[in-house]
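Participant: Here it is: the structure, laid out below.
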């Protein structure tokens, strides 16, 4: 079942829509849980494959077959979006818990991501949020005092 956090306080969850605004906890974060945390340099697109490699290592023995590849794909989309659409650094955090993984990319620009129609033909832009919506078990956007975090969660055993 797809979940997307939205509206209200920090633990609300609701029906799927284009924008989530609140964080939803599913037990994927734990102080002792394996975690990846990387600072991504401004406009440094070399960070995208590096983030994928680091996440692949973190998720080496996690979840059903194919789940870590979905996590890698969605992470690369979030990292790319943060580096292309902002003019500042970003921070990638991935936490593995007993029920799933939560990946969050925080940037320091207040503008919220806006889904757009994917480009036609061989164009590769415009697909990030569409992929997030279709592949993540939950996702959303959380505002910070400065900037925002776009996050997603994947259940370890989902098909």
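The values are calculated or read from the model by the stated rules, or taken from the named source; none is laboratory data. In this text, all values refer to a predicted model and were calculated from it rather than measured experimentally. All Cβ positions, glycine included, derive from the backbone under ideal geometry; neighbour counts span all protein chains shown.
Participant: Using the structure shown, decide if residue 36 is part of a loop (DSSP other than H, G, I, E, B), surrounded by fewer than 19 Cβ atoms within 10 Å (Cβ to Cβ) and touching a helix residue (DSSP H, G or I) at 6+ places or on another chain (Cβ under 8 Å). Full working, then the answer.
Facilitator: Working: part of a loop (DSSP other than H, G, I, E, B): no; surrounded by fewer than 19 Cβ atoms within 10 Å (Cβ to Cβ): yes; touching a helix residue (DSSP H, G or I) at 6+ places or on another chain (Cβ under 8 Å): yes.
Considered against the rule, which asks whether it is part of a loop (DSSP other than H, G, I, E, B), surrounded by fewer than 19 Cβ atoms within 10 Å (Cβ to Cβ) and touching a helix residue (DSSP H, G or I) at 6+ places or on another chain (Cβ under 8 Å), residue 36 comes out as no.
Participant: Further question: Just checking, which of 57, 69, 77, 50 is in a helix (DSSP H, G or I), at pLDDT 90 or above and touching a helix residue (DSSP H, G or I) at 6+ places or on another chain (Cβ under 8 Å)? Talk me through it step by step, then tell me what you get.
Facilitator: Details: 57 fails: touching a helix residue (DSSP H, G or I) at 6+ places or on another chain (Cβ under 8 Å); 69 fails: touching a helix residue (DSSP H, G or I) at 6+ places or on another chain (Cβ under 8 Å); 50 fails: touching a helix residue (DSSP H, G or I) at 6+ places or on another chain (Cβ under 8 Å).
77 is the lone residue from the list that is in a helix (DSSP H, G or I), at pLDDT 90 or above and touching a helix residue (DSSP H, G or I) at 6+ places or on another chain (Cβ under 8 Å).
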